[in-house]
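What follows is a short report on a single structure.
The values are calculated or read from the model by the stated rules, or taken from the named source; none is laboratory data. Given the structure is predicted, the values throughout are model-derived calculations rather than measurements. Backbone-built Cβ (ideal geometry, glycine too); neighbour counts: all protein chains shown. Calculation scope for accessible area: heavy atoms of the full protein, side chains included, ligands and nucleic acids excluded. Shrake-Rupley method; radii C 1.70, N 1.55, O 1.52, S 1.80 Å.
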Amino acid sequence: MKILMVPTLNAPCIWYRMEQHTKYLRQFGHEVAFSYRGPKTQDSLWEYIVPGQVAEVFDQLMSVCDVAVFQIAHTQWSIALIAALKDRHKKPMLVDVDDDIYTLAPGTPSSVKPGSTIELWMDEHLRMADAIICTTP
């Protein structure tokens with residue numbers, strides 16, 4: 001199976017939730033395209049690449065994968081791109097989330113607040129998902 005892994009979060013989340021899965025999927029004989037840019041990444045994948053380049057690269061990757069696994073996206077531009085890719089390529093899309101993204105512990109630095117635009121964008125991404133991967137209840 002050809003799997004596209006698309007990290008969108010910070011480096012520790014990418015390492016634990018994407019890179020480790022990629023390693024084991026490859027051991028089981030799957031072809032995995034991993035879109036990580038390298039160790040300098042500190043924030044979202046989508047914020048550091050010129051939008052036209054991102055769209056072109058992911059359009060090519062989506063055309064050859066069997067399934068795409070995205071971490072939760074939380075920018076308006078990334079949600080629009082994901083929606084366009086899903087509509088164009090009709091590939092199954094899984095969304096990886098950690099914990100309950102709507103019930104963060106008190107004091108957690110996050111702009112995901114009830115009714116915030118980020119929450120609405122994440123809702124939209126989850127609605128597009130064919131399945132959700134979450135390792136916590």
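For the reader, a short list of remarks on this structure follows.
- Filtering region 57-67 to residues that are closer than 14 Å to residue 80 by Cα and among the acidic types (Asp, Glu) leaves only 59.
- Unique match (being of a type in the set (A, V, I, L, M, F, W, C), surrounded by 16 or more Cβ atoms within 10 Å (Cβ to Cβ), modelled with pLDDT of 75 or more and within 18 Å of residue 118 (Cβ to Cβ)) among 82, 3, 101: 82
- With respect to (1) open to solvent by 70 Å² or more (accessible area, probe 1.4 Å); (2) modelled with pLDDT of 85 or more, the lone exception for residue 53 is condition (2).
- Scanning region 114-137 for residues that are exposed (fewer than 13 other Cβ atoms within 10 Å of the Cβ) and in contact with a helix residue (DSSP H, G or I) (Cβ under 7 Å, 6 or more places away or on another chain) gives a single hit, 132.
- Residue count for region 4-26 under the criterion of being touching a strand residue (DSSP E or B) at 6+ places or on another chain (Cβ under 8 Å) and either hydroxyl-bearing (Ser, Thr, Tyr) or part of a helix (DSSP H, G or I) (or both): the result is 10.
- Pair list, Cβ < 6 Å and 6+ apart or interchain, from region 15-31 residues that are touching a residue at least 24 places away in the same chain (Cβ under 8 Å) to residues that are part of a loop (DSSP other than H, G, I, E, B) and surrounded by fewer than 12 Cβ atoms within 10 Å (Cβ to Cβ): 30/1
- Within region 20-43, considering residues that are open to solvent by less than 50 Å² (accessible area, probe 1.4 Å) and touching a Pro at 6+ places or on another chain (Cβ under 9 Å), the one modelled with the lowest pLDDT: 41
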